[in-house]
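The values are calculated or read from the model by the stated rules, or taken from the named source; none is laboratory data. Values in this document were obtained by computation on a predicted structure and should not be read as measured data. Don't worry about glycine lacking a Cβ; one is built from the backbone with ideal geometry, like all the others, and counts go over all protein chains shown. What goes into the accessible areas is simple: the full protein's heavy atoms, side chains included, and nothing from ligands, DNA or RNA. Shrake-Rupley method; radii C 1.70, N 1.55, O 1.52, S 1.80 Å.
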Amino acid sequence: SGNDVLVMKLDTRGAYLWHAFYGSSDWDTGTSITADPSGIHIAGASAHTWSGPKEQAPLNEYSDEYEDSLIIKMDGNGTYVWHTFFGSGARDSANGITADISGIYVAGFRYSPSARFSLLNRAFSGHR
């Protein structure tokens with residue numbers, strides 16, 4: 001039920017290696033992905049809270065509103081590491097992502113001026 005985030009890896013010739021689905025019973029989407037030596041980072045949005053594959057809680061709780069920005073971290077083998085939500089009480093989405101040695105950079109949009117993006121530094125500190 002609902003749409004889930006799909007993450008898939010293919011080799012350089014296009015042959016399938018692995019895939020994973022993440023999300024809630026509601027609407028979830030992945031909009032951008034990047035990989036670096038620390039792992040894989042996925043940006044997107046979720047319309048409801050959810051837990052990781054072994055019931056891991058998100059680093060930052062879902063806002064209980066319309067749609068929150070979503071960031072997922074996986075290791076280089078496609079194993080789930082963590083996920084987190086950021087929301088403002090209206091519609092928010094993470095639409096682009098990149099990472100370097102100093103951190104993770106996310107671009108997207110927020111519909112409401114009351115977004116809690118001050119939580120980004122706290123949530124990502126130590127979780128790269």
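List of remarks:
- Looking across the stretch 13-57 at every residue that is of a type in the set (Asp, Glu) and either open to solvent by 40 Å² or more (accessible area, probe 1.4 Å) or under 14 Å from the mean Cα position of the chain (by Cα) (or both), the one that is nearest to ILE71 (Cα to Cα) is identified as ASP28.
- Once the stretch 78-107 is narrowed to residues that are outside any strand (DSSP E or B) and either touching a residue at least 12 places away in the same chain (Cβ under 8 Å) or open to solvent by less than 20 Å² (accessible area, probe 1.4 Å) (or both), the residue that is nearest to ASP4 (Cα to Cα) is GLY78.
- Checking SER118 against (1) modelled with pLDDT of 70 or more; (2) over 12 Å from the mean Cα position of the chain (by Cα), the condition it does not meet: (1)
- Residues in the stretch 59-70 that are open to solvent by less than 70 Å² (accessible area, probe 1.4 Å) and out of contact with any Gly (no Cβ under 8 Å at 6 or more places or on another chain): 2 in all.
- Subset of the stretch 1-36 [in a loop (DSSP other than H, G, I, E, B), free of Cβ contacts under 8 Å to residues at least 24 places away in the same chain and not acidic (Asp, Glu)]: THR12, ARG13, GLY14, ALA15
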